[in-house]
Amino acid sequence: MLMRTIAASLLPLSLGLSVAYAQPAPGEAAPHPFSITRSDPALDALIAPEAKLRILATGFGFIDGPVWMAGRDGAEGFLLASSIIDNVIYKVTASGKVSVFLDRAGYSGEDFASVGKLALIGRAHVLLMGPGCTGIDRQGRLIWCAGQDLAIKRLEKDGTRTVLADGFEGKHFNGPNDIAIAADGAIFFTDSDVGLRGGIHSPQVQMPDSVWRWKDGRVNLAVSREQLGAEPNGIALSPDDKYLYLSAGTLSPDPKVMRYAVSADGSVGPGELFTHGSGIGDGMKTDRAGNLWSTDALPGTVRITSPEGRLLGLLHLPTPGEAEPRKTACASSLAFGGDDARTLYITGCEQIYAIALRAPGRLEGPVN
C-alpha cells in the first residue's frame, strides 16, 4: 500500500530528525490528463483504448486499500476504502455517496506519542493513524490491516471485532500493510513499519518487516525480508492460489514483482522474478484470467501484466502539476468492483477513480 512509499519519501522524518529540514517530493511542473499506454494488443480485450476515467469521490487526503462488498438479498454492493489519516474505513456507493463504515479502524488506543509513522502528503506533515488494507473472506466478513494496533482484524457478523494476528512467538508486528486471502481462508499479509513512530528505526521494533501467513489461528513466516531482498509492500494471489506475488524494491528506479509457488499445505517455495518496471509498488490484484494489476504510487500508474509476465499496458492517472497548495497525485491501490466485476476502482490519495472494463476482474468474498 501507499503508506510505505510516501512515508519512506521523507527519510529525515523516518530517522526522527527535525521536520524543518524535510521538503516535499518534487512534482511534475505541468499537469497531465489520464492516458493509456498500450504495450500489447491483448490489452484491448481487458480495457477499451478510448476508456474514460471518472472520479467516484474526492476530498479524502489519503485514501487506500479498496475492496468491493458484493450486494446480497437484493441490496446493492458498495466499495470499502481505508483512510490512513482519518482512522476509518469508508463506504462508497456506486453513485459516489460516502459514509463511515468502521471507525477507529487503524488505531483504537490513546497513546498518540509513540504510535503512527510521520509522513508527507502534499505539503502536509501528518501521522499515519488509520487502516491500510481491506479484504473480504469467503464468509463475507471484512478483514483489514489495523496498522497502528499492529494487527490483522476481522469484523464479525454481529459487529464485534476479532484480532486474528498481532505478532509471532511473543513479538509484535510493526504495522500490517496489505493482505491476500486464499480460498481456504488463509491470509497472507505484509508487515511494514507504519504502526510505529520512527518506523523501522523505532526502539519498539522487535523483528524485521516480513510476509506472514495466518490460518486457523496460527501465524507462520511465509517470506522473510532477506528472502524477498527488500521491504515487503504489495501482495496478491493468483486466481487458483498457486502463486503468491510480492512487490520489491518499490523505491528503486526499477521496482519488481517476485513470484512464489504456494504448496497445498500453504508453504511458499523459492521466489523468481515475474516482472519489473513502471507501475509496481503498492496494491496488487489478479483478475479471473490471472493478469496482475498493480499500482505505482508516485506519480500514479497502474500496470497490467499477463500471467506469463508480459507487460500489456499502463494506465497513467491525471496529475495536478506544481499548483499550490501542493497535492499528492498517486495510485495507492485498486480493486475490481460492481457486482459484475467490470469496474476498476483506483484509490488515488485525494480521489477514488473508476474505469469501465471489457473483461470482468475478480471479486473477493463468497462464491455465487
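The values are calculated or read from the model by the stated rules, or taken from the named source; none is laboratory data. Note that the structure is a prediction, hence the values are computed from the model and not measured. Every residue, glycine as well, gets a Cβ built from its backbone with ideal geometry; the counts of neighbours run over all protein chains shown. Surface areas here come from the heavy atoms of the whole protein model, side chains and all, with no ligands, DNA or RNA. Shrake-Rupley method; radii C 1.70, N 1.55, O 1.52, S 1.80 Å.
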Of residues in region 37-57 being surrounded by fewer than 15 Cβ atoms within 10 Å (Cβ to Cβ) and in a strand (DSSP E or B), the one farthest from the chain's Cα centre (by Cα): Arg38
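What number of residues within region 245-274 satisfy the criterion of being in a loop (DSSP other than H, G, I, E, B), within 21 Å of the chain's Cα centre (by Cα) and of a type in the set (Gly, Ala, Ser)? Lay out the reasoning, then the answer.
Start the filter on region 245-274 by keeping residues that are in a loop (DSSP other than H, G, I, E, B), which leaves 249-255, 263-267.
If we keep only those that are within 21 Å of the chain's Cα centre (by Cα) as well, we get 249-255.
Within this subset, residues satisfying the condition of being of a type in the set (Gly, Ala, Ser) are 249, 252.
Of the residues in region 245-274, 2 are in a loop (DSSP other than H, G, I, E, B), within 21 Å of the chain's Cα centre (by Cα) and of a type in the set (Gly, Ala, Ser).
Residue by residue, here is whether (1) on the phi > 0 side of the Ramachandran plot; (2) part of a loop (DSSP other than H, G, I, E, B); (3) of a type in the set (Asp, Glu) holds:
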| site | (1), (2), (3) |
| --- | --- |
| Asp282 | no, yes, yes |
| Ala289 | no, yes, no |
| Arg303 | no, no, no |
| Gly309 | yes, yes, no |
| Glu322 | no, yes, yes |
| Ala354 | no, no, no |
Failed item in (1) open to solvent by 10 Å² or more (accessible area, probe 1.4 Å); (2) closer than 15 Å to Phe189 by Cα; (3) charged (D, E, K, R), with Glu272 passing the rest: (2)
Flag for Asp111 being of a type in the set (Asp, Glu), touching a residue at least 40 places away in the same chain (Cβ under 8 Å), part of a loop (DSSP other than H, G, I, E, B) and open to solvent by 10 Å² or more (accessible area, probe 1.4 Å): no
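Let's see how each residue does on (1) at pLDDT below 95; (2) open to solvent by less than 50 Å² (accessible area, probe 1.4 Å); (3) of a type in the set (Gly, Ala, Ser); (4) within 21 Å of Arg138 (Cβ to Cβ):
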| residue | (1), (2), (3), (4) |
| --- | --- |
| Glu308 | no, no, no, no |
| Gly313 | no, yes, yes, no |
| Cys330 | yes, yes, no, no |
| Arg342 | no, no, no, no |
| Ala359 | no, yes, yes, no |
Checklist (1) modelled with pLDDT of 95 or more; (2) farther than 22 Å from Leu150 by Cβ applied to Ser252, failing item: (1)
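Could you pull out every one of the strands (runs of 3 or more DSSP E) wholly within region 177-244 that has 2 or more residues that are open to solvent by 10 Å² or more (accessible area, probe 1.4 Å) and out of contact with any helix residue (DSSP H, G or I) (no Cβ under 6 Å at 6 or more places or on another chain)? Walk me through it before giving the result.
Values: elements: 187-191, 211-215, 218-223, 235-237.
Strands (runs of 3 or more DSSP E) meeting the threshold: 211-215, 218-223.
Give the number of residues within region 95-108 that are of a type outside the set (Phe, Trp, Tyr) and in contact with a strand residue (DSSP E or B) (Cβ under 7 Å, 6 or more places away or on another chain). Quick ask: steps written out before the conclusion?
Taking region 95-108 and keeping what is of a type outside the set (Phe, Trp, Tyr), we get 95-100, 102-106, 108.
With in contact with a strand residue (DSSP E or B) (Cβ under 7 Å, 6 or more places away or on another chain) added as a condition, the list becomes 96, 98-100, 102-103, 105-106.
Going through region 95-108 one residue at a time, the tally reaches 8.
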Criterion violated by Gly132 - all others in (1) surrounded by 19 or more Cβ atoms within 10 Å (Cβ to Cβ); (2) in a loop (DSSP other than H, G, I, E, B); (3) at pLDDT 95 or above satisfied: (3)
Filtered residues of region 61-75 (kept if touching a residue at least 40 places away in the same chain (Cβ under 8 Å) and either within 21 Å of Asp339 (Cβ to Cβ) or open to solvent by 20 Å² or more (accessible area, probe 1.4 Å) (or both)): Gly65, Pro66, Val67, Trp68, Met69, Ala70, Gly71, Arg72
Region 277-289, residues that are open to solvent by 10 Å² or more (accessible area, probe 1.4 Å) and under 22 Å from Gly361 (Cα atoms): Ser278, Lys285, Arg288, Ala289
Pairs with Cβ under 7 Å, 6+ apart, first in region 185-196 and in contact (Cβ under 8 Å) with a residue 12 or more places away in the chain and over 14 Å from Asp209 (Cα atoms), second of a type in the set (Phe, Trp, Tyr) and assigned to a strand (DSSP E or B): Ala186/Trp214; Ile187/Trp214
Verdict on Gly96 being open to solvent by less than 10 Å² (accessible area, probe 1.4 Å) and not β-branched (Val, Ile, Thr): no
